[in-house]
Amino acid sequence: MKALIITGGGCPSSGIIRSLSQGAGLVIAADSGLQPCLSADLDPDYVIGDFDSVETALLAGIPEERIMQYPEDKDYTDTELAIDLARKKGADRIVLAGGGAGRLDHLLAVRALFERTEPIHEWHTGAESAFLLPAGEKLKFSSSVGTVVSVFPLSKGAEGMSSEGLKWPLDGLRWDCGDFGVSNKTIAPNAAISSGRNPILVILPLGIQALISSAS
C-alpha cells in the first residue's frame, strides 16, 4: 500500500499534492503539513505531531480519533512519527511531500530517511523530486531536452550504473559514498537510468513522472 505523508515547509503545489495522492491508500498530515493537505482538498486519514506550528482552528475540523498528538520533547521528528504510523497501517511505499525548505538539519534528516532499512521512496519539494532507485532497477522518464538530472550514491556507493539519453553517460562509473553527479542534462525526450548493484538517488525537476521497473 502506498502512503502519502505531507509535511510542512517547501511543499509542492496543491495540484501536485493531489496528483501524488492518486493511488494512495493512506494520507497522513505531519504537523504543519495539515495546511497544505487541506489546501489540496485532501481529507487526511491521520494528523500526527506535537502541533507546535498548527493553527488550532485547522485541528478543530479534524475528528478526534484521527488526531495523534505527541509532546514537543520527543525522540523522533513529526515526519518519522508519520512514517512509523504508515508502516503500522500496512504501507510498503512511502511518498513524502514537503520538508524542502527551512533548517538545514531538517533537510539532512529527510535525506537520511533514504538510507534506512525501510526507506522512503519519493520526496517531493516545492521545486524538485527525489526518487529512490533500488539495486537492479531502471527509472524511465520523459522531459524536454536539457532537463537537469542529478544522481547520488547512497552509503554503499554505486557500481554497474548505466543511462540512456543523458549528456554525460553513467555507464562504467564507480562511485564511493560521497561521490555524485550533479547537473547532468537530457539530450533526448526519453531518458533512463539503471542503478546497477546498489540503490541510488535520482533528482529531477518537480512534476516529471518517473516509472521504475526491473532493469532486466
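The values are calculated or read from the model by the stated rules, or taken from the named source; none is laboratory data. Because the structure is a prediction, the values reported are computed rather than measured. In this analysis, Cβ positions are derived from the backbone assuming ideal geometry, glycine residues included, and neighbour counts consider all displayed protein chains. We work out accessible area using only protein heavy atoms, side chains counted, and drop any ligands, DNA or RNA first. Shrake-Rupley method; radii C 1.70, N 1.55, O 1.52, S 1.80 Å.
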Just checking, how many residues over the stretch 35-49 are open to solvent by less than 20 Å² (accessible area, probe 1.4 Å) and farther than 19 Å from K89 by Cα?
2
Which members of the stretch 27-59 meet the condition of being within 17 Å of E80 (Cβ to Cβ) and acidic (D, E)?
D31, D50, D52
If you go through the stretch 134-147 one residue at a time, how many are under 25 Å from R18 (Cβ atoms) and not polar (S, T, N, Q)?
3
Identify all residues within the stretch 19-34 that are open to solvent by 30 Å² or more (accessible area, probe 1.4 Å) and either among the acidic types (D, E) or modelled with pLDDT under 95 (or both); write none if there are none.
S32
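So if I check each of K140, K167, which one is surrounded by fewer than 19 Cβ atoms within 10 Å (Cβ to Cβ), out of contact with any Cys (no Cβ under 8 Å at 6 or more places or on another chain) and either at pLDDT below 95 or within 28 Å of E118 (Cα to Cα) (or both)?
Working: K167 fails: either at pLDDT below 95 or within 28 Å of E118 (Cα to Cα) (or both).
None of the others qualify; the one that does is K140.
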When residues of the stretch 116-129 are filtered for being over 12 Å from the mean Cα position of the chain (by Cα) and of a type in the set (D, E, K, R), how many remain?
2
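Regarding A57, is this residue surrounded by fewer than 17 Cβ atoms within 10 Å (Cβ to Cβ) and without any contact (Cβ under 8 Å) to a residue 12 or more places away in the chain?
Criteria met by A57.
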Can you run down the residue pairs with Cβ atoms below 6 Å, 6 or more apart or on separate chains, where the first is in the stretch 166-184 and within 14 Å of L154 (Cα to Cα) and the partner is in a loop (DSSP other than H, G, I, E, B)?
W175/G157; D176/G157; C177/S155; C177/G157
Options L113, L108; residue that is modelled with pLDDT of 90 or more, open to solvent by 40 Å² or more (accessible area, probe 1.4 Å) and under 14 Å from the mean Cα position of the chain (by Cα)
L108
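Do you know which of the residues in the stretch 10-55 that are hydrophobic (A, V, I, L, M, F, W, C) and assigned to a loop (DSSP other than H, G, I, E, B) is nearest to W123 (Cα to Cα)?
Taking the stretch 10-55 first, the residues hydrophobic (A, V, I, L, M, F, W, C) are 11, 16-17, 20, 24, 26-30, 34, 37-38, 40, 42, 47-48, 51, 54.
Next cut, assigned to a loop (DSSP other than H, G, I, E, B) only: 11, 40, 42, 51, 54.
On the way: C11: 10, A40: 17, L42: 18, F51: 22, V54: 22 Å.
Looking at residues that are hydrophobic (A, V, I, L, M, F, W, C) and assigned to a loop (DSSP other than H, G, I, E, B), I get C11.
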Within the stretch 49-77, how many residues are within 24 Å of A112 (Cβ to Cβ) and in contact with a Ser or Thr (Cβ under 7 Å, 6 or more places away or on another chain)?
1
Six or more apart or on different chains, Cβ atoms under 6 Å: show the pairs whose first residue is in the stretch 99-110 and in contact (Cβ under 8 Å) with a residue 60 or more places away in the chain and whose second is among the hydrophobic types (A, V, I, L, M, F, W, C) and surrounded by 10 or more Cβ atoms within 10 Å (Cβ to Cβ).
G99/V110
Among the residues in the stretch 160-177, are any of a type outside the set (S, T, Y), in contact with a Pro (Cβ under 9 Å, 6 or more places away or on another chain) and at positive phi?
yes
For the stretch 116-137: of the residues being open to solvent by less than 30 Å² (accessible area, probe 1.4 Å) and of a type in the set (A, V, I, L, M), which is farthest from Y76 (Cα to Cα)?
L133
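For the stretch 140-160, enumerate the residues that are within 14 Å of N198 (Cα to Cα) and touching a strand residue (DSSP E or B) at 6+ places or on another chain (Cβ under 6 Å).
Quick first cut of the stretch 140-160, residues within 14 Å of N198 (Cα to Cα) only: 151-160.
Correct list: V151, F152, P153, S155, G157, A158, E159.
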